[in-house]
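Rule-based calculations on the coordinates, nothing more; no lab input. What you are looking at is a predicted structure, and each value in this text was computed from that prediction instead of being measured. Using ideal geometry, Cβ is built from the backbone for each residue, glycine included, and neighbour counts are taken over all protein chains shown.
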Amino acid sequence: MLSGPPVTTTVSPEQLLERFIAAAPRQRRSLLSQVQQRSDELRPLIPEQLDRLDATGDDWVAGLLIQLLVAQDDALAQAFWQRYADGWLAVTSASSIDYAPLQRALVEQQFEEADRLTSEHLRQLAGEAAVKRGYVYYSEVPPIASVDLESIDRLWVVYSQGRFGFSVQIRLLRSLNGRWEQLWPRLGWKQGGVWTRYPSAFTWSLEAPDGHLPLVNQLRGVRLMDALLSHPGLQQRVSA
């Protein structure tokens, strides 16, 4: 008996989206390219799915779906920004800092602008003296409210496919048993952690190594970064 041509089955957009959202982290990575390739089919389904996701969490699936949704300047994207003018992810500040511009920069994958805003917010959180001098002392980090560092970290994690953020840097440092000299090459920073802020020296895209962003000024050694990564609010996020 002659057999006919092989039967090919294509997963529907609804099935693919459901599978992607429900998948375990490793499986989700394997589905990522398929989701991106079929974004035109998936975009009309995303708004309803966002209503089902947790805006107080840090699951990067929501960030990716939002980035697909706003990638085209059409009615779908405009409706999203009208509904979520301050951003979809719910973030709070004990210092009344407006994180909407940071969230929008990350949604649009403007990572250099997001890094600049992050540095600005850290100075604001550290206090008026840090704002005036233009940088943060390590001793000014412990009093910073946990909720603000958590908000900044969650924004970076959600809109970078889980690849950027302070918590990512903490996990990398832990995996290296706290060896700072091994951390710098893993982050794609200059050996020893010393950097000068030349845009061409860094990778402002998801092609960068995990933990590459946000940047932390190490011109005065590792004390500032150590203070940030040791902050109880961030430590708790990694340990949760």
- Task: Rounded to the nearest Å, what's the spacing between the alpha carbon centres of segment 57-131 and segment 202-240? Just the number, please.
- Result: 18 Å
- Is segment 100-239 rounded, prolate or oblate when judged by the Cα gyration tensor, a ≥ b ≥ c being the square roots of its eigenvalues, rounded requiring a/c under 1.5 and prolate requiring a/b larger than b/c? rounded
- With label points built 7 Å along Cα→Cβ from the Cα atoms of R38 and Q82, find their separation and express it in nm. 2.9 nm
- How large is the convex hull of the Cα atoms of segment 13-83 per residue, expressed in Å³ as a whole number? 83 Å³
- Note on the structure: Over its alpha-carbon atoms, the chain yields an Rg and a Dmax in Å of 19.9, 84
- Item | Within a Gaussian network of the chain (alpha carbon springs, distance under 10 Å), most fluctuating of P47, P101, P143 | P143
- What are the residues whose amide H is under 5 Å from the amide H of G165, where those residues sit 5 or more places off or on another chain and H is modelled from the backbone? G211, L213
- Message: I'd like to know how segment 82-151 sits against the 2.2 N^0.38 Å rule of thumb: what's its Cα Rg over that expected value?
- Response: 1.15
- Query: Between S230 and E181, what FRET efficiency comes out of the Förster formula 1/(1 + (r/R0)^6) with R0 = 22 Å and r the beta carbon distance, rounded to 0.05?
  - Reply: 0.80
- Task: Against the globular-protein guess of 2.2 N^0.38 Å, express the Cα radius of gyration of segment 40-79 as a ratio, rounded to two decimals.
- Result: 1.12
